[in-house]
Amino acid sequence: MTHGTDRVIITGGGIGGLGAALMLARRGIPVTVLERAAEFKEVGAGLQLAPNITRMLDGVGVLADLLPHAVRPRRLVFANAATGEELSHLDLEDAATRYGGPYVVLHRSDLLDALLRAARAEPMVTLLTDHHVERVADHGDSVTVTCADGQEITGRILVGADGLRSVVREHVVDDEPVCSGYIAYRGVVPIETVERLTDTDDVVVWMGPGCHFVQYPVRGGKLYNQVAVFRSQEYLDGKEDWGSPAELDATYAELAAPVVAGLSSIQRENRWPMYDREPITSWTNGNVTLLGDAAHAMLQYLAQGAGQSLLDGAALANALAPLAEGRDSERWCAGDVKAALHRYEADRVAAAATVQSTGRLWGDIWHVDEPVHVLLRDEAFRRRDTYDYHLVDWLYGPVLDPGDHADAVGHGPRPVDTYLTRK
Ligand SMILES: Cc1cc2nc3c(=O)[nH]c(=O)nc-3n(C[C@H](O)[C@H](O)[C@H](O)COP(=O)(O)OP(=O)(O)OC[C@H]3O[C@@H](n4cnc5c(N)ncnc54)[C@H](O)[C@@H]3O)c2cc1C
């Protein structure tokens with residue numbers, strides 16, 4: 001089946017794929033999304049979206065649809081999971097003003113459904129489920145994917161938005177996901193069923209030895225999301241079924257009362273081993289490019305993976321928009337496609353790599369277990385002024401008020417080695 005010589009094929013209908021489809025269509029580009037599952041669906045857990053993402057979602061008109069389902073927490077709190085001490089917090093209401101977008105937490109399904117509704121309303125978007133892409137063939141002036149049932153679908157550009165274990169990525173680079181040896185248990189429960197010893201208006205990150213625990217409300221405050229992450233000794237021991245519920249309970253048993261109380265209501269049926277990818281310098285090969293976890297799977301410690309995939313979609317739409325302007329002419333010639341994909345990469349590859357690398361570093365800081373390292377980490381957090389944003393300006397910025405914060409404006413992502421250096 002040929003879907004048109006000016007059509008973009010997107011493999012994967014997760015947050016990244018649907019977001020990209022919507023944004024491409026809004027720029028006049030026809031898109032077909034191929035999702036292997038029988039329906040567009042997310043896991044039953046929460047998601048944080050920082051101002052750098054909500055600002056962009058506001059710009060494409062999706063934020064207003066999300067806000068009724070979301071929660072705008074007051075604070076992002078960092079606490080020691082062993083002692084229960086609150087160490088530092090970010091004032092999220094102040095941050096919203098500083099960066100020009102709210103910090104929101106919401107159920108993943110609420111975000112996916114909002115993107116799906118918006119994508120379905122676009123005549124230029126075709127959404128196909130039960131389409132499991134297995135092979136990719138680039139013909140120079142078109143790309144064909146072959147699905148598990150033998151069906152072939154051809155378009156002008158292929159975007160791999162097919163997640164951590166992307167099939168499309170194999171067409172671009174020969175590498176493998178990197179296992180961190182950490183595992184996550186997560187889920188939402190009715191808020192009244194959780195024994196809560198912390199303020200539910202907050203996002204709380206409990207940092208413990210080789211583990212952390214995150215809590216925040218979602219769905220207008222009706223549900224409570226919790227994520228328990230720990231370094232698995234079972235993984236290090238080479239156990240196949242590593243990160244068991246027994247190991248979860250043993251890891252958290254001695255922690256502070258609010259953490260133990262929260263953990264008691266976390267589901268034990270499903271767990272997520274934590275993988276990321278090594279950053280790569282190009283996401284593109286010919287007419288095939290990548291987006292979201294397929295391009296830059298990252299550890300979740302900066303809470304940015306889904307958000308970054310949405311930024312990818314926006315950047316791709318910006319880069320391809322000039323091609324849509326003269327579709328009947330020669331606009332989609334090889335040179336223009338190449339230049340457009342180059343623009344997309346210039347906008348996103350280095351920026352996403354910085355988030356990937358910094359995510360790893362951030363996790364290392366949270367999970368220290370040597371007493372002297374814990375002491376130093378906690379002291380650094382305690383000394384941080386609530387309104388000192390130098391650790392997040394590079395990510396959530398640019399800062400809106402150039403008068404007060406001129407040094408932080410327009411610098412874009414900073415390399416990881418300067419990340420902890422105060423200006
Ligand atoms: C514990 C945890 C907490 C997180 N918290 C946050 C957070 O707070 N904020 C945030 O922004 N991010 C967070 N993330 C990261 C975020 O979940 C991911 O980065 C994001 O979901 C990636 O979206 P995606 O669309 O790129 O990939 P995916 O969500 O993996 O979607 C890929 C889609 O492609 C489909 N697919 C796969 N292969 C094929 C194929 N061959 N053919 C057709 N379809 C295919 C899949 O079925 C799926 O629908 C977190 C991650 C974890 C694990």
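The values are calculated or read from the model by the stated rules, or taken from the named source; none is laboratory data. Predicted model only: the values in this text are computed from it and were never measured. Cβ atoms come from the backbone with ideal geometry, glycine included; neighbour counts cover every protein chain shown. Side chains are part of the model used for accessible areas, which takes the heavy atoms of the whole protein and leaves out ligands, DNA and RNA. Shrake-Rupley method; radii C 1.70, N 1.55, O 1.52, S 1.80 Å.
How big is the C-alpha Rg of region 184-233 next to the rule-of-thumb value 2.2 N^0.38 Å, as a ratio?
Details: Rg = 11.3 Å, N = 50, 2.2 N^0.38 = 9.7 Å.
It is 1.17.
Before anything else, pin down the relative contact order of region 262-403: Cα pairs under 8 Å, at least 6 apart, normalised by residue count, whole percent.
Details: 98 pairs, mean separation 35.2, N = 142.
RCO, region 262-403: 25 percent.
How high is the relative contact order of region 209-296, given as a whole-number percent (alpha carbon pairs under 8 Å, six or more residues apart)? Don't jump to the answer; show the numbers that get you there.
Working: 65 pairs, mean separation 15.8, N = 88.
Relative contact order here is 18 percent.
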Roughly how many Å² of VAL368 are accessible to a 1.4 Å probe, to the nearest 10? 30 Å²
Set the Förster radius R0 to 25 Å, insert the Cβ-Cβ distance between ASP364 and ALA37 as r into 1/(1 + (r/R0)^6), and round the FRET efficiency to 0.05. 0.15
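Mind ranking SER264, SER357 by accessible surface for me, highest first, 1.4 Å probe?
On the way: SER264 85, SER357 40 Å².
I get SER264, SER357, largest accessible area first.
Excluding ligands, DNA and RNA, what is the solvent-accessible area per residue of the chain at a probe of 1.4 Å, expressed in Å²? Show your work: numbers first, answer last.
On the way: 17500 Å² over 423 residues.
Value for the chain: 41 Å² per residue.
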Quick one: how many Å² of LYS338 are accessible to a 1.4 Å probe, rounded to 10? 150 Å²
Of all accessible surface on region 145-237 at a 1.4 Å probe, what whole percent is carbon and sulfur? 47 percent
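Kindly rank 276-284, 212-220 from highest to lowest mean number of other beta carbons found within 10 Å of each residue.
With the highest mean Cβ count within 10 Å placed first, the list reads 212-220, 276-284.
Once neighbouring chains are kept in place and the probe is 1.4 Å, which whole percent of the accessible area of region 258-398 is contributed by carbon and sulfur?
Numbers: 3160 of 5830 Å².
Here carbon and sulfur together make up 54 percent of the probe-accessible area.
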Just want the answer: with Cβ charges of +1 for Lys and Arg and -1 for Asp and Glu, which residue in TYR275, ALA250, GLY286 is farthest toward the dipole's positive end in region 197-318? GLY286
With all pairs of different alpha carbon atoms counted, what Kirkwood hydrodynamic radius in Å does region 1-81 show? 15.3 Å
Per 10 Å bin, what percent of the C-alpha pairs of the chain does each bin hold, from zero upward? 5, 22, 31, 26, 13, 4, 0
What is the distance in Å between the Cα centres of region 14-63 and region 367-394? 33 Å
Rounded to the angstrom and largest first, Cα extents along the principal axes for region 317-377 equal 67, 15, 11
Candidate cut points under trypsin sites (Lys or Arg not before Pro) in region 133-190, DSSP loop plus at most 16 other Cβ atoms within 10 Å of their own Cβ, are ARG165
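How large is Rg over Rh for region 53-197, taking Rg from the Cα atoms and Rh as the Kirkwood inverse mean of 1/r across Cα pairs? Spell out each step's value before the answer.
Details: Rg = 21.0 Å, Rh = 19.8 Å.
Result for region 53-197 is an Rg/Rh of 1.06.
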